[in-house]
Amino acid sequence: MSANTAARGRGEVRGIFIFALLAAFAVLSLVVVVVGARSYRMINATAEHAYVSRTGLSYLMGKVRGADEAGMLELRSEGGVDVLALGGLYDGERYNTYIYCDGSQVREYFARADLAFSPAYGDAIFAAREMRLSLEGGLLNIALVDEGGETHVVSLCLQAAKEGGA
């Protein structure tokens with residue numbers, strides 16, 4: 001065996017080693033990308049799922065607190081739909097903000113108090129299957145059922161109840 005043949009053999013081994021190293025790097029890079037993409041999808045799904053419980057309920061809590069005055073909050077049933085009616089005076093005239101769920105969206109409708117409620121006019125706020133409302137003394141309970149069937153509940157102690165009415 002000549003020195004030239006031995007050097008060629010070592011060169012081939014080095015080439016195979018470098019190729020194997022590059023192939024291992026490529027495979028591991030692909031694994032990292034796949035795992036990262038899967039993690040991103042899970043985080044995104046969790047954030048989307050938590051939207052109703054955080055953002056939707058926070059929105060409703062803010063609306064209720066803004067209308068928390070004696071005689072400005074009322075629970076109604078309009079055509080089998082639970083409706084939260086939040087009143088307010090603007091230029092001496094009463095207006096109501098109606099918040100209700102149509103089975104797929106929580107909606108909001110703003111109108112003068114003397115106009116009849118119509119769920120057809122409401123604007124979509126966020127997705128939800130159901131919204132249940134109850135008022136026990138000065139405690140307003142709001143339960144939202146999200147698209148996944150999970151129930152999120154918030155209870156608000158109304159200041160208006162201390163003033164003599166909700």
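Every number here is computed from the coordinates shown, using simple stated rules; none is lab data. Note that the coordinates shown come from a computational prediction; the quantities given were computed from them, not determined experimentally. Using ideal geometry, Cβ is built from the backbone for each residue, glycine included, and neighbour counts are taken over all protein chains shown.
Mind checking the full-extension length gain between LEU139 and SER39? Use 0.36 nm per residue of separation minus the Cα-Cα distance, one decimal, nm. It would help to have the intermediate numbers written out before the result.
Details: separation 100, 0.36 × 100 = 36.00 nm, distance 4.02 nm.
Using 0.36 nm per residue and subtracting the Cα-Cα distance, I get 32.0 nm.
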If you take the beta carbon distance between GLU93 and MET61 as r and set R0 to 22 Å, what does 1/(1 + (r/R0)^6) give as a FRET efficiency, to the nearest 0.05? 0.25
Could you work out how far helix 57-66 tilts from the main Cα principal axis of the chain, as a 0 to 90 degree angle to the nearest 10? 30 degrees
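Could you tell me the relative contact order of the chain? Use alpha-carbon pairs under 8 Å, at least six residues apart, and round to a whole percent.
It comes to 17 percent, rounded to a whole number.
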Label points 7 Å out from Cα along the Cβ direction at ALA70 and ILE18: separation in nm? 8.9 nm
For the chain, what is the calculated [θ] at 222 nm in deg cm²/dmol (nearest 500), taking -39500 (n - 2.57) for each run of four or more DSSP H residues and dividing by its residue count? -13000 deg cm²/dmol
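How big is the charge dipole of the chain about its Cα centre, in debye rounded to the nearest 20, if each Lys and Arg gets +1 on its Cβ and each Asp and Glu gets -1 on its Cβ? List each step's numbers first, then the result.
Numbers: 15 positive and 19 negative charges, 291 e Å.
Using only the charged Cβ atoms, the result is roughly 1400 debye.
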Segment 142-161 and segment 67-81: distance between their alpha carbon centers, rounded to Å: 15 Å
When the charge dipole of the chain is computed with +1 on Lys and Arg Cβ and -1 on Asp and Glu Cβ about the Cα centre, the Cα farthest towards its positive end, among ALA50, ALA116, LEU30, belongs to LEU30
Where labels lie 7 Å past Cα in the beta-carbon direction, separation of ALA47 and PHE25 in nm: 3.2 nm
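Can you tell me the relative contact order of segment 88-166? Whole percent, Cα pairs under 8 Å, sequence separation 6 or more.
The normalised contact order for segment 88-166 reaches 20 percent.
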